[in-house]
Structures are given as C-alpha cells and as structure tokens.
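Enquirer: Let me begin by handing over the structure; questions about it come next.
The values are calculated or read from the model by the stated rules, or taken from the named source; none is laboratory data. All of these numbers come straight from a predicted model, not from anything done at the bench. We place every Cβ from the backbone using ideal geometry, glycine too, and count neighbours over all the protein chains shown.
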Amino acid sequence: MSNEPDWSQWREANRAMWDERVPIHAASEMYDQDAFRDGKNTICPFEEEEIGDVTGKRLLHLQCHMGQDTLSWARRGAAKVVGLDFSAPAIATAQGLAEDIGIGRDRAEFVVSDVYQAPLAVPDADYDIVYTGIGALDWLPDIWKWAETAASLVAPGGFLYVAEFHPFTHVLGWENGTEILEDYFKSEPMVTDAPGTYTDFEARTVNNVSFERAHTLGDIVTAISAAGLRLEFLHEHDFTLFRRFAGLVPGEHGFLTTPQGKPNLPLMFSLKASRPAA
C-alpha cells in the first residue's frame, strides 16, 4: 500500500474551479489578451532583471495558466519554452495565443499535466531555467514534493526561479494590512467556497470550492535546498501585483505598496536556486 497522501479531492476541486474560470480570465481586462497579441510583455521588471538574458535558453514554466508569461519569455529570446498546467482549457487558450502571435510549436509547447507529474509530461528531461510565476505555490498541497519535482527538471548549470506573494500576507487582515488575524504556521488547508474570481469578483460561477496551503518562507527555501539546489538569492519586496489589503496605494511599474509614512510590509519574494554545472 502506498504511503502517498490522497490529494484527489484537493486536485479535482481546484481543477474544476480553474477550468471554469479560464474563459472569464481570458476575456478580462486584467489579462488583456488583445494587448498581449499586440506585443504587451507580462513579465515583471524585477523578474527580467533577476533572471537576466534568456536568449538561447530552454525554459520550463510550471503552473503556467494561460501561458502569457511563458510566451513573453519566448518573445524575449528563449530558444524553447514549455508551459505546463493541469487545466486543459488553460492550455488550449495558451496554444491559441501562441498561434495568434506566430510562435510555432518548435519554440513554444504546452502540456496538460499535474505539476507533480511534470517529469513524465514535458518533452525534455531538463531545462536551463525552471520558472514558477506569481500566484502558484499556494495551490500546492506538498511543497517538499514540488521542490523535488522542480529541482529534478533543472539542467546542470541551470536554475530554478520563483516569484511569489509573500506568505506573511496570509496572516494580515484586509482592512489595513496591520492586524494579525491568522496563524502563520498553519498546517491545515485553507478551504474557500465563494463565487467569482480575482478578475471579476461578481462573476457567476458554479465550481467554487478550492483548496490552498500557506507554505512558510522557511519551508519553501528549505525544501528547495533539500532537493539539491544551491540558493543564489532570496529577495523580499515591499510591493505586490494585487490589492491584497485595502490600504495599498499605486507605486512604480503598476505595483501596489503601503502608503508613505506607513510601515513597509513584505508583500512578495523572489528566489533563484541553481544546479552546479556537470
């Protein structure tokens, strides 16, 4: 008998939730796919700076959703990008976008797979860059197994890059971002049952149950290190993409941050972890 936990309820509920929301996201102003087709870049400036030149690199994007970030890396010169997501409608949307902007399958390939099964699903055994974009890690039940999976796909001389919302933000209340309301060291899943989505809170949806887990920053970094990668940097940022708290105000590059004169908070983080060259 396997000792593996049964995450089937978690996985299937989340898959149904995301599948239903793909067309809502694709039509939204937030994703603005018309602007993307016209050349809009969706990679954050700090990601571009921290990852550096991707020209000629092979890049794997885990949990890629509709593939706009994935394709943005192709536009920035990556030799081959592969996007992976467990939502078939999201992958179909990504493939359609690639066709619309004239990036063929020799340069951009998208696969439907649970992230834990990525080594069996992606076309190559390893990649120069394994990339996980913003808003992905909370949906994972097991950060340790994820780190092992991601690390196994990093080629010698390559690296894993993660940009993510800071787990500390889970403990703070919506109104001002200063009141402690939740336990930071929470082991049980966060279960949500609410209609709508982050691009349209008023959207009428049916598949509304979802599961998340607030992994601590310590667990994320330790899991990656334990998987055999060497941490190059861990940066914490005082800005974020979404209005996580009511009191945030616009900052540079379209980000949101705390108002001047208020205490700065860690709202996002990014890290790079490498595998030594053979």
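Enquirer: Hey, among Thr205, Thr178, Thr93, which residue is at pLDDT 95 or above, of a type in the set (S, T, N, Q) and over 20 Å from the mean Cα position of the chain (by Cα)?
Expert: Working: Thr178 fails: at pLDDT 95 or above; Thr93 fails: over 20 Å from the mean Cα position of the chain (by Cα).
Going through Thr205, Thr178, Thr93 in turn, the sole match is Thr205.
Enquirer: Give the residues of segment 87-117 that are surrounded by fewer than 20 Cβ atoms within 10 Å (Cβ to Cβ), touching a residue at least 60 places away in the same chain (Cβ under 8 Å) and not in a helix (DSSP H, G or I), sorted by residue number.
Expert: If the condition is that a residue be surrounded by fewer than 20 Cβ atoms within 10 Å (Cβ to Cβ), touching a residue at least 60 places away in the same chain (Cβ under 8 Å) and not in a helix (DSSP H, G or I), then Ile101, Asp114 are the ones that fit.
For (1) at positive phi; (2) surrounded by fewer than 17 Cβ atoms within 10 Å (Cβ to Cβ), each residue gets a yes or a no:
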{"residue": "Ala136", "(1), (2)": "no, no"}
{"residue": "Ala151", "(1), (2)": "no, no"}
{"residue": "Gly157", "(1), (2)": "yes, yes"}
{"residue": "His166", "(1), (2)": "no, no"}
{"residue": "Val171", "(1), (2)": "no, yes"}
{"residue": "Phe185", "(1), (2)": "no, yes"}
{"residue": "Met190", "(1), (2)": "no, yes"}
{"residue": "Asn207", "(1), (2)": "no, yes"}
{"residue": "Ile220", "(1), (2)": "no, no"}
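Enquirer: Take segment 6-29 and flag every residue that is of a type in the set (S, T, N, Q), over 18 Å from the mean Cα position of the chain (by Cα) and not in a loop (DSSP other than H, G, I, E, B).
Expert: Within segment 6-29, Ser8, Gln9 meet the criteria.
Enquirer: Take Thr222 and tell me if it is without any contact (Cβ under 8 Å) to a residue 12 or more places away in the chain, among the β-branched types (Val, Ile, Thr) and either more than 28 Å from Val130 (Cα to Cα) or outside any strand (DSSP E or B) (or both).
Expert: Yes; evaluated as a whole, the condition is true for this residue.
Enquirer: Output the residues belonging to segment 30-77 that are over 26 Å from Asp126 (Cβ atoms) and assigned to a helix (DSSP H, G or I).
Expert: Once the filter is applied, which keeps residues that are over 26 Å from Asp126 (Cβ atoms) and assigned to a helix (DSSP H, G or I), segment 30-77 yields Gln33, Asp34, Ala35, Phe36, Arg37, Pro45.
Enquirer: So Cys64 clears everything in (1) of a type outside the set (Asp, Glu); (2) touching a helix residue (DSSP H, G or I) at 6+ places or on another chain (Cβ under 6 Å); (3) surrounded by fewer than 16 Cβ atoms within 10 Å (Cβ to Cβ) except one condition, right? Which one?
Expert: Going through (1) of a type outside the set (Asp, Glu); (2) touching a helix residue (DSSP H, G or I) at 6+ places or on another chain (Cβ under 6 Å); (3) surrounded by fewer than 16 Cβ atoms within 10 Å (Cβ to Cβ) one by one, Cys64 breaks only (3).
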